[in-house]
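Some notes on the structure that comes next.
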């Protein structure tokens, strides 16, 4: 872990806006690297659809070899994928993946942007994608990004000319990028944007091609590459002691929730980019023919003359000697008319001045959070650790009315501390991802504030501006307010300073299944955002349902304390579904949000506020059996869902499974992607198959085809060939192929109606071939495709039954899809209808 943080520090190649990272503390070599980047005035924009579509090798190469400002725009936040490290899915997964991307950019030197597009799941064609995304709004967001970022070159990750050959989102990202390339400079396009930005025309646009586009390395060698630029992205950075490959691997490894941790490598590594529009570079340089010097902006040459001399004569042993020159360059830069470059380079230059001067400035809150109307205390630290004379003129808190005017010379290596108190304004927005603040659609997030669109995260509610005077020049330096503390097992920790409601509520079970008309007790947790909170909580409920009591009073003494209150919820006699929503009354204010905290070591802690609610479902469901063994895979909520309908689920560790241990269970269920991620299963296949042979039921949920060791070539007792086949349309018509099979009859009759209301998809990674022992149960297909019959197959094996299913139960059960529950209960009951018949006869 020590090596990770050292490498992370070494590879901080740009000062990012991630407000909860530890402060950057640059070595002389890193400072020199930053000065080199300061003297390059060129920008590249890399365009793709998902967080994991990024090419970190190329992003790092552009940022660190070319020294260009390099921005990756991922049209989505990856909301539709899976999570290998925790329970976050959908919008919460999007928050997690956003932060993983920011962590990646913090390492490879790039910046991050997004659109409002929601990753609704796999799409087979851009036409399907554009049916769900609002095409015009996503296109507008790409145009907005180009107009604001002002790239000289754009590089598409995917080919706009090959629809249907890859994920529909992929091709869609390239299609929109190509259109936006032309529209960004059209003053008649998206005119509302021009109130806040200006038109812009990039010089050229490329496609990041590779041998896989042509089927093999051999085929690619024969391709005419006269329209391509060849880049060796395996270059070595002597000043950093790292190769570009190593930086790229460390960057890519930040995608932990997708299991992308990887080894670093070194050596020559060739990338090709194919010109799509614009003029062809005369050599293998994407910026060939583009003025990337200070002379590209009026008044910039004087700035460049100073900064280029600093670069040429940089003193690695005493960087602080350059402070006067850097300050003079900063003063001249403020006179540059080009607002775009003036703003970008001023921020970079200020950070370099701070680093060369050994200045450390910090504004940290005394507590992790505050509520609107409450008092906040900000602790200020300022220290000048080198010889230049620096005067701290004033400190003011942006977002509040608080200001100090110490007007004090910061003595050489003498720490100065101050404390600032202020009242958080009542209208201060809560800390939460801005794209989740308003209801969205399946394909789009809603963002009303144009200036927020595309930003990776919500700006900090409060920041401190340190007004410094160096060599007679006033330099304002802005630092986001953070919360800094220590933990015995982690050391120093930085978190965002969060603004939260006075009180939040939560129902742990997001779906409550009522298999009969019995009353259930529902626990509502109430958490205080400040001291001494009191009020009452009630539970909104759908028509036909009953809740008692009508309201419950509560009182909480300590901030952060959580209490529980219990309501009795009675469903109607007939099938019904709806939402229950806790509503907390404090005076004349009503609170209805739940606070979700996402906290992993590799990202800053995230506070997410969502409507506090739970789905309630009254369904007539029957089941057979009671005790279910569950082997977790990549992580899902299926065990909790099965407990909702009365099963006792026992989570098993594969290493602990011994012969005979499974006999006490009515069924064994293997979680999603278990054979992809649980190596110990390779030793337990004989035990599992013996369990089935002796009369047990084994259910294996979807696995990613081909991503397991050779020991897993056959995950079933008979031959099964998995594929990448999937049905992405959650409303695709389903045909029951085996209407007389017990699986669709016992204990619940399954009809086509049970496939209504499914979400995101029908299923994925279906088998395409299986031995004759298997019976396919269902058939389904996406529009324009052939029938897929491998979504659910079952085979007798010995005295028991083996089931493989690619149906997305891991999505359907947690959101309360009744038909999915009934079908899963039937799978768990396979073979038990015969036992029931025998017992009935004996009776």
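General observations
- Every residue from the stretch 431-457 that is farther than 17 Å from residue 78 by Cα and buried (at least 20 other Cβ atoms within 10 Å of the Cβ): 431, 432, 447
The rows are residues; the columns are (1) surrounded by fewer than 22 Cβ atoms within 10 Å (Cβ to Cβ); (2) in a loop (DSSP other than H, G, I, E, B); (3) in contact with a strand residue (DSSP E or B) (Cβ under 9 Å, 6 or more places away or on another chain).
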| site | (1), (2), (3) |
| --- | --- |
| 22 | yes, yes, yes |
| 25 | yes, yes, yes |
| 44 | no, no, yes |
| 63 | no, no, yes |
| 77 | no, yes, yes |
| 82 | yes, yes, no |
| 92 | yes, no, yes |
| 99 | no, no, yes |
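- Residue 743 satisfies every condition listed in (1) surrounded by fewer than 21 Cβ atoms within 10 Å (Cβ to Cβ); (2) part of a helix (DSSP H, G or I); (3) touching a strand residue (DSSP E or B) at 6+ places or on another chain (Cβ under 7 Å) except (1).
- In the stretch 504-540, the residues that are within 34 Å of the chain's Cα centre (by Cα) and closer than 17 Å to residue 572 by Cα: 511, 512, 513, 514, 522, 539, 540
- Taken over the stretch 601-658, the criterion of being outside any helix (DSSP H, G or I), more than 24 Å from the chain's Cα centre (by Cα) and free of Cβ contacts under 8 Å to residues at least 40 places away in the same chain is satisfied by 627, 648, 649, 650, 651, 652, 653, 657, 658.
- The single residue among 458, 401, 431, 423 that is modelled with pLDDT under 95 and under 39 Å from the mean Cα position of the chain (by Cα) turns out to be 401.
- Residue count, the stretch 221-249 (criterion: in a strand (DSSP E or B) and under 26 Å from residue 280 (Cβ atoms)): 5
- Neighbours by Cβ (under 7 Å, 6+ apart or cross-chain): first from the stretch 819-831, under 12 Å from residue 741 (Cα atoms) and in the same structural domain as residue 796 (by TED's automatic domain parsing); second modelled with pLDDT of 95 or more and in a helix (DSSP H, G or I): 826/743; 826/744; 827/743; 830/742; 830/743
- Taken over the stretch 530-556, the criterion of being within 19 Å of residue 595 (Cα to Cα) and surrounded by fewer than 16 Cβ atoms within 10 Å (Cβ to Cβ) is satisfied by 531, 532, 534, 536, 540, 555.
- Flag for residue 277 being part of a strand (DSSP E or B), at pLDDT 95 or above, surrounded by fewer than 18 Cβ atoms within 10 Å (Cβ to Cβ) and in contact with a helix residue (DSSP H, G or I) (Cβ under 8 Å, 6 or more places away or on another chain): yes
- When residues of the stretch 194-220 are limited to those that are touching a strand residue (DSSP E or B) at 6+ places or on another chain (Cβ under 6 Å) and assigned to a loop (DSSP other than H, G, I, E, B), the one nearest to residue 291 (Cα to Cα): 203
- Out of 543, 551, sole residue that is modelled with pLDDT of 95 or more, over 28 Å from residue 368 (Cβ atoms), assigned by TED's automatic domain parsing to the domain that holds residue 520 and in contact with a strand residue (DSSP E or B) (Cβ under 6 Å, 6 or more places away or on another chain): 551
- Out of 492, 581, sole residue that is within 30 Å of residue 22 (Cβ to Cβ) and not in a loop (DSSP other than H, G, I, E, B): 492
The values are calculated or read from the model by the stated rules, or taken from the named source; none is laboratory data. All figures in this text were calculated on a predicted structure; none of them were measured in a lab. Quick reminder, even Gly has a Cβ in these numbers, built from the backbone with ideal geometry, and neighbours come from all protein chains shown.
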